[in-house]
Amino acid sequence: MPKPTRQDFAFLNDAKTEAVLLDLYTAAARQIPGLIWHFLPQLPKLLGKGSGWTGENEAYFDDKYIPIVPQQGAFLYMQALAKGAKNIVEFGTSYGISTLYLAAAAKKNGGRVITTEYLPHKAEAARRHFAAAGLADYIELREGDALETLQDIPGGINFVLLDGWPNLVYPVFKLLEPKLAPRAAVAVDDVEGYTPAMQDYLDYVRNPANGYVSATLKPYKALEYSVKIGGADAE
């Protein structure tokens with residue numbers, strides 16, 4: 001990830017949010033040398049068909065950022081704006097970087113983001129970042145296991161970002177799927193780095209019979225982007 005600058009977030013036209021994002025990306029960049037060293041033995045898999053996901057991965061990522069890159073943030077922000085998304089759901093808050101992009105769009109759309117984070121220390125930090133960015137009023141952070149915290153999500157979801165543990169992407173998606181509005185968009189990060197752990201999800205959304213149009217987008221790293229075209233209101 002290139003060194004972040006304030007210009008990376010200028011499209012938001014919000015000084016508070018831009019400042020918080022710059023601080024967070026700067027902190028994330030400091031972790032990159034350690035990440036490279038850690039993943040070096042896995043590089044052939046990561047550049048090939050992707051790596052699996054284990055409990056060891058979860059322990060290692062306990063304090064890591066691993067955020068979407070600014071180009072992805074800009075894409076998600078503008079897509080949510082273009083859709084007029086008011087009901088946005090995120091799996092995997094972490095330190096709140098991606099949530100800030102989504103909340104900035106929700107604010108302009110008159111909506112909100114429901115996001116969920118398993119690790120208490122990350123949830124606590126994310127809340128501070130939301131407040132510093134002036135976006136806390138547009139975010140509901142649910143702490144705990146996403147398969148539990150997202151059970152009572154109301155219907156009419158317009159936009160979803162799945163960026164938590166790769167092995168939970170498909171179960172969380174299936175939990176949310178009945179609540180998706182027609183033309184809802186679903187974005188999933190890191191689909192190439194951890195393809196084996198997400199293969200069931202990818203097979204599902206890439207099968208037209210299931211009512212989605214899906215493609216892998218690469219503004220910097222691979223992002224799977226799907227639009228729900230099936231449903232009661234579909235033509």
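Taken together, the values in this text are just the output of simple stated rules run on the coordinates, not laboratory data. Just so it is clear, the model here is predicted, and its values are computed rather than measured. Counting neighbours? That spans all protein chains shown, and the Cβs are built from the backbone with ideal geometry, glycine included.
Brief remarks on what is shown
- In this rough spin-label picture, where each label sits 7 Å from Cα along the Cβ direction, the K108-D137 distance is 1.8 nm.
- For the pair Q199 and A27, label points projected 7 Å from Cα toward Cβ lie 3.7 nm apart.
- Around I157: net Lys/Arg minus Asp/Glu count, Cβ-Cβ under 12 Å: +4
- Rounded to 5, percent antiparallel among DSSP beta bridges of the chain: 35
- With contacts taken as Cα pairs under 8 Å at a separation of at least 6 residues, the chain carries a relative contact order of 18 percent.
- Chain lengthening between E124 and N210 when straightened (0.36 nm per residue, less Cα-Cα): 27.2 nm
- With helices as the sole contributors, the chain gives -12500 deg cm²/dmol at 222 nm; each DSSP H run of n ≥ 4 counts as -39500 (n - 2.57), and the sum is divided by every residue.
- Pairs from the list K64/K108; K122/K174; K83/K228; K64/K86 with a Cα-Cα gap above 22 Å: K64/K108; K122/K174; K64/K86.
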